[in-house]
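K.L.:
For reference, the structure I am asking about is given below.
Only the coordinates and a few stated rules stand behind these numbers; no lab work does. Computed from a prediction, not measured in an experiment: that's the story for all the values here. Reconstructed Cβ throughout: ideal geometry from the backbone, glycine too, with neighbour counts over all protein chains shown.
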């Protein structure tokens, strides 16, 4: 599967934009979830070792040692175990772990943007209508403009990478689902079931994380827009004749910002249900042919 390498290469090509995004993000939001992110990185990096050891423990044959049917099997048992361990380790490290790390980086940036938006929303809520004047509104709109620039940078840097990762995860889940529906479970080896379990868990987890966290961005922006409108409306009702410029139009008239993959697939939380439905439908159609 070439998707992990493609995702990394595209992200590497956008290194300049990505570094700019990180610098701008540090100026408006602190990384409050750094410890959790480090824990997730440790878990992801340890999974290839857990996977390889599990395969060795449950494997009843040495078929996984052979790349081609005509290869000769190593005679020494310890050599067999080492070869099997290294092969499983590098295969699982290449996919899905490599893709998971890119997805984790993408989700971390989206989560930090959501935190910055929520902080800005809290500032709007805490501000009294009397103090919600032109200067305060300009500060809020300036901060919102910075967040929009960061989100645009994330979109430009990860549009293709995130799409390739999602596509790889969908294909992985679909292949496992198709095999489960087509094969007789009683005839499948425990090692094969274990492989499917590891790959499905990682693929579906990565897919869910991307759609859920990236899909939280438009929700946070929508809440900011609602709270800003409420506060501006309360401010307007306090004055008999509104004298201040209607800055809220700048925010309310803006189109909704939604992160996408290649401008093909919109990252919303309800997209997860659409993906699951499509996956089940096409898997059944392919099996029944």
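K.L.:
How do 203, 175 line up, fewest other C-beta atoms within 10 Å first?
P.N.:
Details: 203 25, 175 15.
Placing the least packed residue first, the sequence is 175, 203.
K.L.:
From Cα pairs below 8 angstrom and at least 6 apart in sequence, can you work out the relative contact order of the chain, rounded to a whole percent? Before the final figure, lay out each step's value.
P.N.:
Working: 272 pairs, mean separation 79.0, N = 289.
Reported as a whole number, the value is 27 percent.
K.L.:
While we're on this one: Using a 10 Å cut-off around each Cβ, can you sort 223, 112 from fewest to most neighbouring Cβ atoms? Please list the in-between numbers first.
P.N.:
On the way: 223 15, 112 22.
So the residues, fewest neighbours to most, are 223, 112.
K.L.:
So, one more: Using per-residue counts of other Cβ atoms within 10 Å, averaged over each peptide, order 164-171, 83-90 from highest down.
P.N.:
Ranked by mean Cβ neighbours within 10 Å, highest first: 164-171, 83-90.
K.L.:
Could I ask something else about it? Please rank 117, 28, fewest neighbouring Cβ atoms within 10 Å first, as an exposure proxy.
P.N.:
Working: 117 24, 28 18.
So the ranking, lowest neighbour count to highest, is 28, 117.
K.L.:
Please state the relative contact order of the range 72-177 as a whole percent: Cα pairs under 8 Å, 6+ residues apart? Can you show the working numbers first?
P.N.:
Working: 21 pairs, mean separation 36.5, N = 106.
Relative contact order, the range 72-177: 34 percent.
K.L.:
Hey, another quick one. Go through [x] 59; [y] 41; [z] 53 and flag the label whose value is the computed percent of Cα pairs over 27 Å apart for this structure.
P.N.:
Given [x] 59; [y] 41; [z] 53, the calculated one carries the label [z].
K.L.:
Obtain the nm distance between the two label points defined at residue 58 and residue 278 by a simple spin-label model: each point lies 7 Å from its Cα along the Cα-to-C-beta direction.
P.N.:
3.0 nm
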